[in-house]
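The values are calculated or read from the model by the stated rules, or taken from the named source; none is laboratory data. The structure displayed is predicted, hence computed values, not measured ones. Glycine also receives a Cβ, built like all others from the backbone with ideal geometry; neighbour counts cover every protein chain displayed.
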Amino acid sequence: MLQSPLATDSPDGSVIEITGDEAHHAARVKRVEPGHPLELLDGHGAVASAEVAEIIKLGKKAGWALHARVLTVERSPERTPRLTVYAAAPKGPRLETMIDQLSQVGVAAWAPLHCTRSVGDPRAGKLDRLSRVTLEAAKQSGRAWAMTVERGASFRDAIGEDVIIADASGEPYQPTGVDDLTLLVGPEGGWTDAELDQAHAAGATVAGFGRHVMRIETAAVVAAGIVLSAEDHLRTKGTA
């Protein structure tokens with residue numbers, strides 16, 4: 001599976017060019033040859049079935065170009081519920097691990113959450129890198145819509161109805177059937193009493209997602225997985 005920004009607009013039979021790391025990986029690691037089947041995605045719902053037309057060595061420093069012939073293009077609707085996760089950013093490589101795993105779970109969007117005990121604030125360059133991580137994760141997990149990385153928000157701006165606050169003081173999560181949900185995961189220092197009071201006052205749901213204290217990246221993935229699984233199960237029951 002390769003990521004291509006042209007998958008959405010490419011008619012059947014057209015040939016598109018893929019360069020950079022994608023082409024290098026296909027040519028030097030996968031060793032694909034003309035006629036090899038490919039699956040292309042654009043990260044925005046388009047998935048194309050294609051085949052390798054040719055592979056060209058552009059030069060010693062220019063890398064490779066892969067020309068792919070599009071056979072069919074299908075567009076997948078974005079899945080519901082659409083879950084956005086606001087989570088405090090852990091330090092170092094743990095942040096990329098969290099983003100990769102949230103994408104695999106099926107989260108629609110992630111944004112850094114700024115709260116009283118936050119210790120990390122990813123800069124623009126880091127957020128760009130995280131966007132690339134979501135594309136790699138989309139290819140690995142086969143999702144048509146890549147998870148997006150959005151601008152951060154303060155705790156006060158993020159709370160409201162249809163918002164879930166992950167905290168050990170809450171009861172186990174109960175699905176609601178709402179199509180757009182927001183999950184807030186706090187820093188390793190936890191929420192302050194004032195923040196929890198604000199959450200209750202705003203009508204947010206405080207839910208517990210495990211018996212032990214977890215690192216941010218673990219808590220975010222576990223909570224997101226439970227929320228999506230519970231919501232999917234509710235919808236499955238409703239259509240049975």
**OP:** Mind listing whichever residues of the stretch 189-209 are in contact with a helix residue (DSSP H, G or I) (Cβ under 6 Å, 6 or more places away or on another chain) and more than 18 Å from Thr84 (Cβ to Cβ)?
**Re:** Glu195
**OP:** May I ask you to say which residue of Lys126, Lys139 is assigned to a helix (DSSP H, G or I), farther than 16 Å from Leu184 by Cα and in contact with a helix residue (DSSP H, G or I) (Cβ under 8 Å, 6 or more places away or on another chain)?
**Re:** Lys126
Original post:
Just one of Thr116, Thr84, Thr134 is at negative phi, among the β-branched types (Val, Ile, Thr), touching a Ser or Thr at 6+ places or on another chain (Cβ under 7 Å) and part of a strand (DSSP E or B); which is it?
Top reply: Thr84
Original post:
Given Thr84, Thr19, Thr72, Thr97, which one is of a type outside the set (Gly, Ala, Ser) and closer than 30 Å to Gly177 by Cβ?
Top reply: Thr84
**OP:** Residues being surrounded by fewer than 17 Cβ atoms within 10 Å (Cβ to Cβ), closer than 10 Å to Ala166 by Cβ and either among the charged types (D, E, K, R) or modelled with pLDDT of 95 or more (or both): count how many of those fall in the stretch 181-228.
**Re:** 1
**OP:** Output the residues belonging to the stretch 210-231 that are more than 16 Å from Met98 (Cα to Cα) and of a type in the set (D, E, K, R).
**Re:** Arg211, Glu231
**OP:** For the stretch 150-238, please list each of the strands (runs of 3 or more DSSP E) lying entirely inside it that holds at least 3 residues being more than 20 Å from Ala111 (Cβ to Cβ) and more than 24 Å from the chain's Cα centre (by Cα).
**Re:** 163-172
**OP:** Quick one: in the stretch 80-96, of everything that is under 16 Å from the mean Cα position of the chain (by Cα) and surrounded by fewer than 16 Cβ atoms within 10 Å (Cβ to Cβ), which residue is farthest from Pro37 (Cα to Cα)?
**Re:** Arg94
